[in-house]
Every structure is written in structure tokens, then in C-alpha cells.
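What follows is a set of notes on a single structure, which appears directly below.
Throughout, read-outs are computed from the coordinates displayed, never taken from laboratory work. What you are looking at is a predicted structure, and each value in this text was computed from that prediction instead of being measured. Quick reminder, even Gly has a Cβ in these numbers, built from the backbone with ideal geometry, and neighbours come from all protein chains shown.
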Amino acid sequence: MNFKPLFSKHAHALVAFIVLLFPLTAFSQGISTTGVQFLEIPVGVRGAGMGGMFTAVADDVSTMFWNTAGLAQLNHPEISALQLFYFADIDYEYLGAALPLQPGSTLGLSGAFDFVPSFNSTNNPSAIPGSANDLAVAVGFGQTFGDNFALGIGGKFISSNLVTYSAFGGGMDAGLLLYTKSKDWTLGLSVQNLGQLSNFSDYSAQESLPLIYRAGLAYRFQPQNPFHFLVGVDLEKPIDNDAIVDTGGELVWGNPSFALSARGGYSFNPSEEDLGGATGASVGAGIQFSGFELDYALVPFGVLGDTQRFSLTYRFGTGESQADSLAQAQKVEEVEIKPQISDVQTGTLKQATFDIKPQARTDIKNWTLEITDPQGNVLRTYSGKGIPPRQIAWDGKDSSGNIVTGGIFANYNLRTVDVRGQQVVASDPIFKVAKVSSREAPVLASMAMEPQVFTAPSIPESLRPLGMSGVLKVPSVPFAEKSSHLSPSFESYLDQVARLIRKYPNCRVYIEGHADPDEGPERRALSYSQNRSDEVLRYLVEKGKVSPDNLYSRGHGSAAPLDTADTQEAHSKNRRVDIVIITK
């Protein structure tokens with residue numbers, strides 16, 4: 001992992017962040033004592049279950065406590081409530097909410113409250129018992145800068161009450177995240193509680209808030225897989241105590257619609273070494289379903305007792321997107337890519353044209369097309385932002401300009417990442433031919449890759465609507481095997497179809513895609529058939545100037561073959577798109 005380009009690319013933002021910290025840190029260190037220790041209690045149940053490690057993970061609303069820059073990673077509105085059963089009968093509650101303003105910009109709000117029940121602080125049994133409570137209300141904002149960097153800043157109001165005395169104060173938090181393009185490695189830095197608390201009375205002094213510096217590093221292993229995990233480490237330095245090292249991890253099994261999590265960690269805190277027992281260790285678990293997430297963490301404190309945390313989080317609007325994400329993870333055909341071979345020379349690919357069709361993915365943030373050899377070595381890379389172009393031509397050369405040789409050429413790997421960080425991959429071999437001599441190569445290659453030629457029909461002049469519904473059945477449009485690429489020879493025919501459709505302004509047009517049973521499993525065949533019908537519909541709308549209002553595109557897979565014979569002619573008949581026009 002190389003973060004050097006990230007630092008140079010966003011040096012101005014990093015300098016501003018450091019300049020912000022220096023004067024505030026100097027101000028905080030000028031006050032000798034710290035108060036409002038409840039600000040040090042970890043808010044997030046996930047982070048607490050991972051030994052206090054969360055500064056670089058920072059991917060839920062509790063990130064307002066750990067690292068405000070993590071707000072920028074939240075793409076759905078979410079709300080979370082936490083209940084902490086602390087030692088000494090202290091009650092602690094937290095409520096947080098995140099509101100994404102646009103991709104990469106998120107506003108956060110939170111409130112934390114603790115309450116110490118009635119106690120007698122004197123030796124007089126007849127004295128009136130007192131109580132104590134603290135309140136912190138915070139607002140934060142996170143913003144991404146490019147593909148690898150996010151900054152966050154927050155402010156908070158604090159109220160502290162002890163028996164009959166009260167004090168008020170304010171503070172600031174700031175944080176940053178650096179991450180790789182795929183977000184598998186993440187580096188987080190944050191500073192918390194820059195500020196002070198006013199005097200409780202004429203006999204007390206002002207107190208600084210418990211200033212904390214945090215640095216964290218996290219690694220996510222294949223987060224798109226049904227079974228994945230993350231591990232990380234945090235270095236935590238309170239201004240009034242020794243440094244703390246927090247380590248932990250999380251195992252997740254499931255998919256975005258339903259998942260189970262198990263967590264564990266250990267916090268190496270010198271100030272808690274005398275507590276004994278299992279102090280420092282922590283465990284946790286979670287379950288996600290239908291936008292809800294329920295989490296639990298157990299954190300022992302030795303002789304002081306065990307603390308238990310529960311939280312319930314709800315993410316708005318995730319049901320549909322999670323279902324889409326699952327479908328995308330299961331169907332690589334969601335990004336269809338079909339290389340068309342243009343020419344072959346001595347058994348070596350001279351040029352391939354990639355026809356790319358991202359289905360219903362207008363939220364693509366960036367894309368990468370890698371062309372690799374059979375061993376997985378990258379020969380050529382194309383990349384860009386936004387939706388990929390419809391066509392990319394590869395000239396058969398590697399990144400150094402050398403023609404690829406060796407008989408077996410390459411595979412491709414197309415990755416798209418949307419604004420939510422979800423990744424879809426399409427990968428298939430381009431073309432393979434056995435190693436042959438240079439004398440034999442031109443002949444064998446031309447035989448293997450000879451393109452299929454279709455003869456375009458024409459619409460008879462005498463064609464008239466039939467039946468009560470006025471059915472017009474025009475000749476089908478054939479397709480090459482395992483392809484949804486529309487042959488240019490059929491464009492003039494579809495122009496005729498478009499003129500026929502425009503003659504009936506109130507008609508309905510059913511564009512029915514079909515596949516050959518030999519094109520693969522039913523799921524893949526269904527994808528081919530739908531892609532073919534979509535390709536015809538797109539041409540009729542974009543080139544034929546037909547209104548899309550009454551066009552219906554649907555794929556039937558291999559369920560309705562025209563010819564069940566095992567011949568090339570029969571297979572060609574089955575790979576088709578039927579166009580049915582209902583005029584009444």
C-alpha cells in the first residue's frame with residue numbers, strides 16, 4: 001500500500017488540517033486539569049466490541065465519536081440509539097443521526113447523556129442526597145475530496161451538573177481518512193474534545209475537556225464476498241494519561257439483506273492494569289436485516305464489573321439498494337461486455353472492440369478495464385470516471401507498445417464502482433487459440449474467428465394488421481452466439497420497422513428476446529435474451545425516433561426455441577428478437 005500519492009494530491013487539505021490542530025492543542029494544554037470524563041466513553045457498540053478500534057473503520061453513525069471524517073462514507077440516512085449499562089450504576093444513553101446531503105457529503109447529529117443516581121457525599125446520614133449528570137450535543141460534517149481522501153469537523157455543547165452546581169462548555173473534533181481506491185486499506189487520524197468547561201463555582205477552576213489523539217489503520221478482506229472480515233489497530237493518546245493500543249477485528253457472514261457479525265478485541269491500557277480479571281478484552285456480535293442492525297458488546301473492567309452495550313440502528317432506503325447489490329454480486333451480467341474481434345494476424349490479436357453496456361447503473365463513479373494474460377499479468381489498462389464509454393478499442397498491444405504474442409492472448413476484467421462503493425465485476429476470456437506455427441496460424445485463426453454474417457430481410461409492402469387486435473409480426477432479428485451486439489447489417493431493416501411503428505401512433509410494441517439453450521445456464525441465457533431485446537429497443541428509440549412510451553422489452557431466455565434440432569442453423573434461429581406490433 002502506497003499512500004504517498006494521496007498525500008501529495010491533497011497536501012493543501014492536510015496542511016489546513018494540521019494548522020487547525022496546532023493552536024487548538026496549545027490552548028487545551030494550557031489548562032492544567034481535565035473534566036467531563038464521560039466524553040471518553042466509547043459510543044459505538046461495534047467499536048467497543050473490537051477493543052476500541054474504529055478510527056479507520058468509521059463506517060456508521062457512531063463515527064461522530066471516533067472520527068468525524070467517517071461521516072463522508074455514509075450514503076444513506078441512518079439513526080442509532082445506544083444503551084450502556086456502566087459500572088457504579090451509571091446509566092449512559094446515546095442517540096445519533098446521519099443525513100447525506102449528496103454523495104460524499106454527510107451531516108451528523110448526536111446527543112449523549114449520562115446519569116449517576118442519588119448519592120450522599122457527606123458523612124451526615126440526614127443530608128439531602130445529590131446526583132450528577134452530563135449532556136453533550138454534537139454536530140459534525142464529513143466531506144470526500146477525490147477518490148482517496150475525506151475530512152471531517154464537528155462541534156459540541158457540554159453541560160455538566162454535580163449536586164447543586166453546574167458548568168457549561170464547548171469543544172471541537174476533527175478527523176481525516178485516507179483510503180485506497182477499493183477501500184480495502186484505510187488510514188484514520190482524529191483529534192477529539194478540543195475545548196474547555198467553565199467553573200462549577202467560585203471555588204473551582206476552569207477545566208479542559210479530555211483531549212484525545214487517535215490514529216488507526218484497518219484492512220478489509222474482500223468486503224463484497226458473503227464471508228468477509230476486517231482487522232485493525234488504533235493508537236490512542238489521552239492528553240492526561242498514557243498511550244493506549246486498541247486492536248480488534250470483525251467477521252461477517254451473509255449479504256446486505258441479512259448478515260451476522262462476530263467481533264473481538266483487546267485494549268492495552270496501562271491505567272487499567274490493576275483492575276484484574278479480563279480487563280482489556282472485549283467481545284461483540286451483531287445482526288443486520290431489512291435496514292435494521294442490532295449490536296451487542298461486552299467489555300469487562302475487572303473488579304469494577306462488566307459493562308454491556310446495546311444499540312439499534314436503522315438505515316433508511318437501503319432495502320431496495322441492498323437487494324440490487326445482492327443481485328449484482330450474484331450476476332456479473334449486470335455489467336455486460338462483449339469483445340468483437342476485428343482482425344487477426346499470425347495467431348495474434350490485432351484489434352478487439354469492447355462493447356460495454358452497464359445495465360441500469362447510472363450511478364457509476366469510476367470504472368477500470370484490465371486486459372490480462374492467462375497468468376493474470378496485466379497487459380493493458382483503461383480507466384475513467386462516470387459511466388464507461390460504449391466502445392473501447394484495443395490494438396493488441398501491451399502498455400509498452402509491444403504486440404501480444406504466444407497463441408493464447410488475454411482475458412479481460414471490467415470493474416465498476418458506484419457512489420456507494422459497491423463493485424460489480426465482469427470477466428471472461430477474450431479469445432484463445434492453441435499455439436501454432438506462423439505458417440498455420442493465419443488459416444486456423446481465420447477459421448476459428450470467422451464472423452457470422454446475417455442477411456437482413458425487408459418488410460413486404462403488402463403487410464397488413466391481422467386479427468381483432470391488429471397484430472403485425474415482422475421478421476426476427478438474429479444475434480451471434482453469446483452476444484447482444486446488433487449486427488450493423490440489420491440497422492436499415494430496423495429503420496423500416498421504426499417507420500412502420502410510427503404509422504400507428506397508439507400501437508403497443510412487444511420486443512421479445514430469446515436465447516439458444518446451448519448458450520449457458522438459464523440465468524445466463526435469460527440475461528442474453530434481455531440484453532438483445534434492450535439493444536433493439538435502444539436502436540428504435542435512439543436511431544429510429546420511436547417514442548419509448550409504448551415499447552415493451554422483455555427476455556424469455558431459452559424457454560421458447562423455434563427449432564430444437566442440434567444444428568448451427570437451428571441454434572441461429574433461436575438466438576433472436578421477435579417484434580410484435582399491436583395496432584388496436
In terms of the alpha carbon gyration tensor, root eigenvalues a ≥ b ≥ c, rounded if a/c is under 1.5 and otherwise prolate when a/b exceeds b/c or oblate, segment 471-582 is prolate
Cα→Cβ-extended label distance, 7 Å offset, between residue 241 and residue 316, nm:
3.7
Report, for segment 150-261, the % of DSSP beta bridges that are antiparallel, rounded to 5.
100
Give, to the nearest whole percent, the P(r) tail of segment 476-539 beyond 14 angstrom, counting all Cα pairs.
59
Compute the signed sum of charges (Lys and Arg +1, Asp and Glu -1) over the other residues within less than 12 Å, Cβ to Cβ, of residue 97.
-1
Using only the alpha-carbon atoms of segment 148-258 as identical scatterers, what base-10 log of I(q)/I(0) does the Debye formula give at q = 0.20 Å⁻¹?
-1.06
How many Lys pairs in segment 471-582 lie less than 18 angstrom apart by Cα atoms, where the lysines are 8 or more positions apart or on different chains?
5
Highest mean packing first, using Cβ neighbours within 10 angstrom, the peptides 131-142, 183-194 sort as 183-194, 131-142
What is the sum of charges around residue 218, taking Lys and Arg as +1, Asp and Glu as -1, for the other residues whose C-beta is under 15 Å from the C-beta of residue 218?
-2
Compute the signed sum of charges (Lys and Arg +1, Asp and Glu -1) over the other residues within less than 15 Å, Cβ to Cβ, of residue 288.
-3
Kirkwood Rh and Cα Rg combined as Rg/Rh, segment 42-182:
1.09
Once you place label points 7 Å from the Cα toward the Cβ at residue 522 and residue 542, how far apart are they in nm?
3.2
Potential lengthening between residue 89 and residue 102 on full extension [0.36 nm per residue; Cα-Cα distance subtracted]:
0.5 nm
